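What follows is one structure encoded as structure tokens, with my remarks underneath.
The values are calculated or read from the model by the stated rules, or taken from the named source; none is laboratory data. From a predicted model like this one, the values you see are computed outputs, not experimental measurements. Positions of Cβ are generated from backbone atoms using ideal geometry, with glycine treated the same way; all protein chains shown enter the neighbour counts.
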Amino acid sequence: MNRMVQCVYLKREAEGLGYPPYPGELGQRIYNAVSKEAWAQWLKHQTMLINEYRLSPIEPKARKFLVAEMEKFFFGGGSEKPEAFVAPE
């Protein structure tokens, strides 16, 4: 039986993640309140942020930025796309 959560991002009940996707308190918050579907949407958004801002995930400053964006994406007002971003057709 799949674990269900009340997803804070989708605003409905959906299948939960199988394990905390990030270490620490933030990972546990995500595990408890974010669905697999919402996590997949975050991964796409994160990839776009990495590409558009030309971030290197091994750099501490880039990781700090991505963690802050992840918190905003799920628990804040949402993570914004870069101003110059144009979605591929």
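Please work out which residue is surrounded by the fewest Cβ atoms within 10 Å (Cβ to Cβ), limiting yourself to the stretch 14-66 and to residues that are over 19 Å from G76 (Cα atoms), out of contact with any Lys or Arg (no Cβ under 9 Å at 6 or more places or on another chain) and among the charged types (D, E, K, R). Out of the qualifying residues, it is R54.
Screening N32, N2 for residues that are touching a Gly at 6+ places or on another chain (Cβ under 9 Å) and assigned to a loop (DSSP other than H, G, I, E, B) leaves exactly one candidate, N2.
Which residues, counting only those in the stretch 5-29, are outside any helix (DSSP H, G or I) and at positive phi? It would help to see each step written out before you state the result.
The first filter runs over the stretch 5-29 and keeps only residues outside any helix (DSSP H, G or I), leaving 5-23.
Across the stretch 5-29, the qualifying residue is only K11.
Go through the stretch 67-89 residue by residue and tally those that are exposed (fewer than 10 other Cβ atoms within 10 Å of the Cβ) and either at pLDDT 90 or above or over 16 Å from the mean Cα position of the chain (by Cα) (or both). Working first, answer last.
Filtering the stretch 67-89 down to residues exposed (fewer than 10 other Cβ atoms within 10 Å of the Cβ) leaves 77, 83-84, 86-89.
So of that shortlist, the ones also either at pLDDT 90 or above or over 16 Å from the mean Cα position of the chain (by Cα) (or both) come out as 83-84, 86-89.
Total meeting the criteria: 6.
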